[in-house]
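**Q** Let me begin by handing over the structure; questions about it come next.
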């Protein structure tokens, strides 16, 4: 196994970035490698945010009319437009890319105060362990970091996508 550490800083406040991590329904809005998220045992209408015109793809079917004001609120990190499912240890599901197969995941640790979380992701026999964190910068922006543990070839393929996602997370 190999390990790589990536970090990116940007102008978004730390709480905004943390909320983008903490609510799986919004992962596709900033992570280009994630087209959709499906949570095990939770119907999509119970946790997916409604789609918005021109908005992020793959967050599940629209379950009510678009809520542009609610989306803007969520994107500022203030609150979700409805009670949102948040990451928690034991949360399981699948992340889907543009091409199959979906990757299964389980959240293994979350610290809301420290704004850190970890999860294991796998496709077939390939496994990744990912540790994430959000730190405040002195200028009011955010430094977000990611430590990936996986086979070397997987890290080399995944690192550029992860770096792009981190850049979008802190914008």
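The values are calculated or read from the model by the stated rules, or taken from the named source; none is laboratory data. Just so you know, these numbers come straight off a predicted model, no measurement behind them. Reconstructed Cβ throughout: ideal geometry from the backbone, glycine too, with neighbour counts over all protein chains shown.
**Q** Restrict the check to region 60-83 and report whether at least one residue is in a loop (DSSP other than H, G, I, E, B) and at pLDDT 95 or above. Quick ask: steps written out before the conclusion?
**A** In the first step, residues of region 60-83 are kept if they are in a loop (DSSP other than H, G, I, E, B); the result is 60-67, 76-83.
Right, trim to at pLDDT 95 or above and you get none.
No, region 60-83 contains no residue that is in a loop (DSSP other than H, G, I, E, B) and at pLDDT 95 or above.
**Q** In this structure, does residue 87 turn out to be surrounded by 15 or more Cβ atoms within 10 Å (Cβ to Cβ), more than 21 Å from residue 18 (Cα to Cα) and touching a residue at least 24 places away in the same chain (Cβ under 8 Å)? Can you show your working first?
**A** On the way: surrounded by 15 or more Cβ atoms within 10 Å (Cβ to Cβ): yes; more than 21 Å from residue 18 (Cα to Cα): no; touching a residue at least 24 places away in the same chain (Cβ under 8 Å): yes.
So residue 87 fails the test.
**Q** Here is a further query. Looking for something over 13 Å from the mean Cα position of the chain (by Cα) and assigned to a helix (DSSP H, G or I) - is there at least one such residue anywhere in region 123-134?
**A** Applying the first criterion (over 13 Å from the mean Cα position of the chain (by Cα)) to region 123-134 yields 123-129.
Imposing the further condition that a residue be assigned to a helix (DSSP H, G or I) reduces the set to none.
Among the residues of region 123-134, not one is over 13 Å from the mean Cα position of the chain (by Cα) and assigned to a helix (DSSP H, G or I), which makes the answer no.
**Q** Among the residues of region 145-170 satisfying the criterion of being under 14 Å from the mean Cα position of the chain (by Cα) and more than 15 Å from residue 34 (Cβ to Cβ), which is surrounded by the fewest Cβ atoms within 10 Å (Cβ to Cβ)?
**A** Initially, region 145-170 is screened for residues under 14 Å from the mean Cα position of the chain (by Cα), giving 145-146, 161-170.
So of that shortlist, the ones also more than 15 Å from residue 34 (Cβ to Cβ) come out as 145, 170.
Working: 145: 16, 170: 23.
Among them, the one singled out is 145.
**Q** Still on this structure, I have one more. Scan region 135-150 for residues that are in a loop (DSSP other than H, G, I, E, B) and either under 16 Å from residue 167 (Cβ atoms) or touching a strand residue (DSSP E or B) at 6+ places or on another chain (Cβ under 7 Å) (or both) and report the count. Explain how you work it out, then say what you get.
**A** Taking region 135-150 first, the residues in a loop (DSSP other than H, G, I, E, B) are 137-141.
The next check asks that each one be either under 16 Å from residue 167 (Cβ atoms) or touching a strand residue (DSSP E or B) at 6+ places or on another chain (Cβ under 7 Å) (or both); those that pass are 137, 141.
Number satisfying all stated conditions: 2.
**Q** Hey, can you tell me all the residues within region 1-54 that are in a loop (DSSP other than H, G, I, E, B), surrounded by fewer than 16 Cβ atoms within 10 Å (Cβ to Cβ) and modelled with pLDDT of 95 or more?
**A** 11
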